[in-house]
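Note sheet for the following structure.
The values are calculated or read from the model by the stated rules, or taken from the named source; none is laboratory data. Please read these numbers as outputs of a predicted model, since none were measured by experiment. Cβ coordinates were reconstructed from backbone atoms using ideal geometry, including for glycine residues, and neighbour counts include every protein chain displayed. The area values use the complete protein model at the heavy-atom level, side chains included, leaving out ligands, DNA and RNA. Shrake-Rupley method; radii C 1.70, N 1.55, O 1.52, S 1.80 Å.
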Amino acid sequence: MGKPKKSLFQFLCSLKLSISLLFLIVLVSITGTFIPQNLAREEYRKVFSPVVFKILDWLQIFDVYHSIWFISLLALFALNLILCSYKRFPVVWKLIQEPLAPQPVKKSERFLQYDFQIPARPEHEISTLLENFLGRKFTRPRKTSEGEKLCFAAQKGSWSRFAVFITHFSILIVLAGALIGSLWGFKAYVAIPEGQTIEKIRLKRSEKFIPLGFTVRCDDFTVKYYENSKRPKEFKSLVSIVDAEKVVVDHQSITVNGPLTYKGISFYQSSFGPASDPILHINVRNSATKKESSYPVTSGKQIPLSDGGFFRVLRFSPSFRDLGPVALIETISASGKAFTFPVFQNAPKMNQAHPQGEYSFTLTGFDQPYYTGLMVNRDPGVWFVWTGFILLTAGLLMAFVVSHRRIWVSITPRENMLQFSICGDSQRNPVSFERFFQDLTRALEIELSCGEKEET
């Protein structure tokens, strides 16, 4: 590898680049949080001056998470993680695969050592005792000999060194999921009047329509309000899905926190509104003939009366103060005389009689056709993201809970004495390992001393 290529490789797998990219990604994410994303362009023009709007639009700040340069940042960060893992993996693999050396070669900062002596005892007895002890307290050791010196080496948790690679891999999966969702997913909004269907949706911030591949029908929409208030308490849609001329979802309820998902496309209850003027049900009673007629009426529509005149609804309120629904009605006689009076649904005693007493009017109810506003979302990368977060959790737990620990014990004969030298080191958690090492050495010294007293 030439010097320029080697320098580029070192730069791409450097920790400085990782920190710099993380800082930029966080900074961009904060920007995307403060500036609302994917609004209509007219909404941004109301807030920003033409020059600022043009600059921000060119920088794709209004859709920052789908911008080319943000995706490029994520791709560069992914490349950095891959190269870091590629550079480090052979060393870690060799460390795990190769048998532990009989004695420590390179002492780390976490290296601990404890020495003590006991009277000489038979080699096989000491070997058996030490192997059993480490097997109980730590793990079964590997025994070797160097002349008269006996060496025991044991290690535990070596696989925990893979935690960093699991973490890197999980982040790559999350980034892949985000990229897949960005390229092949979409977010849209659709309004469906009651009783009507849609087969395609319009993407946010564009005029592009996408066919769903199936039909969505709004069968019904209901809304409940808080008492004596126009504030909605609960609203939901009943939706059916027709695919290949078959009803595959029938009258499925969609609420704010209860979406409907079909073929990877999720529909969320977002908003609602009147699809048309309310239809009032008004009874008209002829005082002379005692005949009653019921009419479905919309505001402004003229309904003929038996005397040649007509009536119409000028205004309607579904909730007038605490009196409930009220309609303002105007009658015009055949001679052209006009009379205006209110009709209350819940307070009929307050209804004003017709000035000439020819007719009496009663508001029996009304129907308000609504449209349901649904957020439509498709994110094919969501399972990658969830898988990545699960692996990330496992990698972090492995990194902080489990540690690669190594213990070496050497026994050297010294004039009717045996010199014990116990060494150990840990990949991480030095405080915890120091306590463990102290307990281990004390227990071994006590066990050897007890064995000596029993012989005596």
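The table that follows gives values for the structure above.
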quantity	calculated
Karplus 3J(HN,Hα) series, Hz, for the range 399-407 with 6.51 cos²θ - 1.76 cosθ + 1.60 (x for Gly, Pro)	5, 9, 9, 9, 9, 7, 10, 10, 10
Descending principal axes extents, the chain, alpha-carbon based, whole Å	137, 62, 45
Percent carbon-and-sulfur accessible area, the chain, ignoring ligands, DNA and RNA, probe 1.4 Å	58 percent
Calculated FRET value between SER276 and ILE19, using beta carbons and R₀ = 60 Å, to 0.05	0.55
Sites TYR225 and TRP184 - FRET efficiency at Förster radius 56 Å, r taken between beta-carbons, to 0.05	0.90
Computed accessible area, ASP322, all protein chains, 1.4 angstrom probe, square angstrom	120 Å²
Efficiency of FRET between THR197 and LEU12 - r from beta-carbon atoms, R0 60 angstrom, step 0.05	0.70
Taking N as its residue count, the alpha carbon Rg of the range 22-139 over 2.2 N^0.38 Å	2.25
Nearest-ten-degree value, helix 163-184 long axis tilted from longest Cα axis of the chain	20 degrees
Potential lengthening between VAL431 and ALA101 on full extension [0.36 nm per residue; Cα-Cα distance subtracted]	116.4 nm
Overall Cα dimensions of the range 302-379 - principal axes, largest extent first, Å	66, 28, 16
When each of LYS200/LYS233; LYS5/LYS54; LYS224/LYS349 is checked by Cα-Cα distance, pairs over 32 Å	LYS5/LYS54
Acute angle (nearest 10 degrees) that the helix 430-455 long axis makes with the longest principal axis of the chain, alpha-carbon atoms	40 degrees
Angle between the chain longest axis and helix 68-97 axis [Cα atoms, degrees, rounded to 10]	30 degrees
Extension gain (nm, one decimal) between THR33 and PHE116, 0.36 nm per residue minus Cα-Cα	23.6 nm
Partners for LYS107 among lysines (Cα-Cα distance below 27 Å; same-chain residues under 8 apart left out)	LYS87, LYS94, LYS137, LYS143, LYS149, LYS156
Estimated distance in nm for a label pair at TRP93 and LYS233, the labels positioned 7 Å out from Cα along Cα-to-Cβ	6.5 nm
Between the range 383-456 and the range 146-160, the alpha-carbon center distance in angstrom	11 Å
Extension gain, ARG41 back to THR364 (0.36 nm per residue minus Cα-Cα distance, nm)	111.8 nm
